[in-house]
Amino acid sequence: MALYVVGDVHGFLTQATTALRSAGLIDHDDSWCGGESKLWFLGDLTDRGPDGIGVIDLVRRLQQEAAEVGGQVGCVLGNHDMLLYGSKYVPDSPVSDVRSVIQVWALNGGQEHDLKALDDSRARWLADLPAVVLIEGYLLLHADTMAYLEFGKTLDEINTTFHDLMLKRDPEHFGYQTRQLFRRFDFLDRDQGVNNARFLLTVLGGKQIVHGHSTIPETFGISPSLVDGPMLYAEDLVMSADTGLALGARCVAIELETKASA
Ligand SMILES: [Mn+2]
């Protein structure tokens, strides 16, 4: 049983299917052929790229196909997934004193055709995504931030808080809470990064944090064309998995070491 993660796809559907095909998870028809493998996306399926809705639909279909053969496909909630969702239901909810949800979404690569095509079924699927997942000892989350602990002190508490936030669609809170997931670099800090990572793993469990959100080229100063896999840092307690598709990097399905694969 293998475990794969994919960082922020951001609407780059073709790049995502290419990556999944070369990992042997989908076939030439884009159908699941990964058997009992597990595949987790790290959030931000939409915005920036050409076909965010196509990416949502791909993940949903693979989720079904994988489940039918004992595999698993999942996704954790990203800030862009929240912004797209919020742009449909609470567009005027303030994110800051001067910006609303739909303004922040539009300024950060929001695509009008994605918003138009976000029907209730797709939106409900987004609302049901977990924010944090512990699988095979890996703590999967979207953003490299300690802000998750402001939503709860256990995985269940955090996920329930996000779920309620999505379902309630309360314009007073939605934007401000979404903003918490804009935060980043909490594990990169020279003094506190390792301590932060260790603390989060102690509270929520797991041996390594795996995140998207902050691209490897921007975070580590690497040319996008040279990024061909994840980046470990903070004494290897943290893995950065966002290769930076919107910067021109390729999409990579990263295989994580599991007891079965070791
Ligand atoms: Mn992102």
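The values are calculated or read from the model by the stated rules, or taken from the named source; none is laboratory data. Source: prediction; values computed, not measured. Every residue, glycine as well, gets a Cβ built from its backbone with ideal geometry; the counts of neighbours run over all protein chains shown. What goes into the accessible areas is simple: the full protein's heavy atoms, side chains included, and nothing from ligands, DNA or RNA. Shrake-Rupley method; radii C 1.70, N 1.55, O 1.52, S 1.80 Å.
With θ set to phi - 60° and the Karplus curve 6.51 cos²θ - 1.76 cosθ + 1.60, what are the ³J(HN,Hα) couplings of segment 246-252 in order, to the nearest whole Hz, using x for Gly and Pro?
5, 8, x, 6, 8, 8, 10
Which pairs, out of LYS153/LYS207; LYS207/LYS259; LYS38/LYS88; LYS88/LYS168; LYS88/LYS153, put more than 21 Å between their alpha-carbon atoms?
LYS38/LYS88; LYS88/LYS153, as the Cα separations exceed 21 Å there.
Ignoring ligands, DNA and RNA, what accessible area per residue does the chain give at 1.4 Å, in Å²?
For the chain, the per-residue accessible area is 42 Å².
Can you list the residues, at least 5 places off or on another chain, whose amide H is less than 5 Å from the amide H of VAL210, using H built in the peptide plane?
LEU139, LEU140, LEU141, MET239
Nearest 20 debye, what's the magnitude of the dipole of the chain about its Cα centre given +1 on Lys and Arg Cβ and -1 on Asp and Glu Cβ?
That gives a dipole near 180 debye.
How large is the Kirkwood hydrodynamic radius of segment 3-256, in angstrom, based on all distinct alpha carbon pairs?
18.0 Å
Once you have all Cα-Cα distances for segment 125-260, histogram them in 10 Å bins from zero and send the whole-percent values.
It works out to 12, 40, 35, 13, 0, in whole percents.
From Cα pairs below 8 angstrom and at least 6 apart in sequence, can you work out the relative contact order of the chain, rounded to a whole percent?
Value for the chain: 23 percent.
May I ask you to list the GluC sites (Glu not before Pro) in segment 1-102 that are in a DSSP loop and have at most 13 other Cβ atoms within 10 Å of their Cβ?
Sites meeting the loop and neighbour criteria: GLU36.
When the helix-only estimate is applied to the chain (DSSP H runs of n ≥ 4, each -39,500 (n - 2.57), divided by the residue count), what is the mean residue ellipticity at 222 nm, nearest 500 deg cm²/dmol?
Per the formula, -10500 deg cm²/dmol.
Sort out for me the Cα centre separation of segment 2-18 from segment 54-105, rounded to whole Å.
Comparing the Cα centres of segment 2-18 and segment 54-105, I get a distance of 15 Å.
In whole Å and largest first, what semi-axes does the C-alpha gyration tensor of segment 1-85 yield when each eigenvalue is scaled by 5 and square-rooted?
Values for segment 1-85, descending: 21, 13, 10 Å.
Mean-square fluctuation check for the chain, GNM, Cα pairs under 10 Å: which of HIS173, HIS113, HIS28 is largest?
HIS28
List every residue whose amide H lies under 5 Å from the amide H of TYR4, counting only residues 5 or more places away in sequence or on a different chain, with H placed 1.01 Å from N in the peptide plane.
HN-HN under 5 Å from TYR4: LYS38, LEU39, TRP40, LEU256.
Calculate one ³J(HN,Hα) per residue across segment 99-109 by plugging θ = phi - 60° into the Karplus curve 6.51 cos²θ - 1.76 cosθ + 1.60, and present them in order as whole Hz with x for glycine and proline.
Values, residue by residue: 10, 9, 4, 5, 5, 5, 4, 5, 6, 10, x Hz.
Determine the share of the chain's accessible area contributed by carbon and sulfur atoms, expressed in whole percent, with a 1.4 angstrom probe.
Carbon plus sulfur share of accessible area: 48 percent.
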